[in-house]
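The values are calculated or read from the model by the stated rules, or taken from the named source; none is laboratory data. Just so we're clear, the structure is a prediction, and the values are computed from it rather than from any experiment. With ideal geometry, Cβ positions are generated from the backbone for all residues, glycine too; neighbour counts draw on all protein chains shown. Calculation scope for accessible area: heavy atoms of the full protein, side chains included, ligands and nucleic acids excluded. Shrake-Rupley method; radii C 1.70, N 1.55, O 1.52, S 1.80 Å.
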Amino acid sequence: MNGRKTVLVVVAHADDMEFLAAGTVARFVQEKGYDVYEYILTDNGKGSYRLQPEELVATSAREAVEAGHVLGLREVRLEGYADGNLNEVHPVTLRDKIMAMIREIKADIVMSWDPFAPYEDHPDHRMVAMATLDAASFSGNPLFHPEHTHPPHPVTEAYWFAKHPWNAELFVDIATTIDKKIEALLTHDCQMILTVDMLVQEAKALGVEVPALENLDAEGHRAVIAAGVRAYCETTGLKAGMNYAEQFRYEKLGMLDKLLGTSFVIPDFPL
Ligand SMILES: [Zn+2]
């Protein structure tokens, strides 16, 4: 019980996991010895105001793999669907791909965007969330995608990202891994430049002056991201009496708990 587990993080974009869950993932790897895999479904080809798509796709892919090394992931797998257009891919095709990876690595835990999060604005996040739920719900059923090479394998737990407080039920203390989370985020250099560019654009649209965002060099970009992420995790932690936290909706999948009342099967979430 609660031995070494395998975790599959399924995301739409290269930096999704780092923003929402890298502190928790780092604890899975460092403290629990879990094997964590990341599956990035899009090519990130719209994630810049500066680079052309071809250079951007290659750069963000390289940075995603480097960030995986920072966090100690077993593998970062890139599917390469067009960024922003994941809703052009049939939901069953997405379910098929994710379920195949669940079965291949024998995932016990999935992490992804929350399929039932209210007000999620990015269509890619909504698509990856629902497809991950569909795949994790039926990966143990041999009649779903019987053509898969690897045998059926049930997923028992899900950590759904909580971008907003509305679906935040579980707070994970990341005081020991906040620095690692920031290091992993900063490895996504082109995505962090985009994040700051978006903040600058937003400030301009609102007609407000934000001195911290003016005339930034590379180090300035990094400082803005590091301070912003630290502050965000600090604010999240305040709700749970922690110095730094990440928030999730946690779910036990399957029927055992529900039908037999065996809440001892997974006595507590691992962290
Ligand atoms: Zn994203």
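Side notes on the structure shown:
- Coupling constants for segment 210-216 follow from the phi torsions by the Karplus curve (6.51 cos²θ - 1.76 cosθ + 1.60, θ = phi - 60°), and in residue order they are 10, x, 5, 9, 8, 6, 7 Hz; glycine and proline get x.
- The sum of -39500 (n - 2.57) across all DSSP H runs of n ≥ 4, divided by the residue count of the chain, sets its helix-only mean residue ellipticity at 222 nm to -14000 deg cm²/dmol.
- Packing order of peptides 103-109, 224-230, highest average first: 103-109, 224-230 (average count of other Cβ atoms within 10 Å over each peptide's residues).
- Applying 0.36 nm per residue to the separation of Thr149 and Lys32 and subtracting their alpha-carbon distance, the gain on full extension is 39.2 nm.
- Think of a 1.4 Å ball rolled over the protein heavy atoms: the chain then has 47 Å² of accessible area per residue.
- Kirkwood analysis of the Cα pair distances in segment 1-95 returns a hydrodynamic radius of 14.1 Å.
- Coordinate range along principal axes, alpha carbons of the chain, Å, largest first: 59, 43, 32
- Loop chymotrypsin sites (Phe, Trp or Tyr not before Pro), segment 1-67, which have at most 13 other Cβ atoms in a 10 Å radius of their Cβ (DSSP): Tyr49
- Summary of packing: across the peptides 123-134, 7-18, the per-residue average of other C-beta atoms within 10 Å ranks them, highest first, as 7-18, 123-134.
- Extension gain, Lys258 to Leu216, is 9.8 nm, computed as 0.36 nm per intervening residue step minus the present C-alpha separation.
- Note on the chain: GNM, Cα springs under 10 Å; of Ala58, Ala26, Ala175, the largest mean-square fluctuation is that of Ala58.
- Nearest 10 degrees, 0 to 90: helix 123-138 Cα axis against the chain principal axis: 20
- Angle of helix 189-206 to the longest C-alpha principal axis of the chain, folded into 0 to 90 degrees and rounded to 10: 60°.
- Rounded to 5, percent antiparallel among DSSP beta bridges of the chain: 30
- Shown are Trp113, Trp166, whose ranking by accessible area with a 1.4 Å probe and every protein chain present, most to least, is Trp166, Trp113.
- All-pairs alpha carbon distance profile, segment 115-271, 5 Å steps from 0, percent: 2, 7, 12, 13, 16, 17, 13, 7, 6, 4, 3, 1, 0
- The GNM of the chain, with springs linking C-alpha atoms under 10 angstrom apart, assigns the highest mean-square fluctuation among Leu71, Leu143, Leu259 to Leu259.
- Backbone amide hydrogens, once placed in the peptide plane, bring Glu75 within less than 5 Å of Glu38, excluding anything fewer than 5 places away on its chain.
- For the chain, the carbon plus sulfur part of the accessible surface works out to 56%, probe radius 1.4 Å.
- Straightening the chain between Gln52 and Val208 buys 53.3 nm, computed as 0.36 nm per residue apart minus the Cα-Cα spacing.
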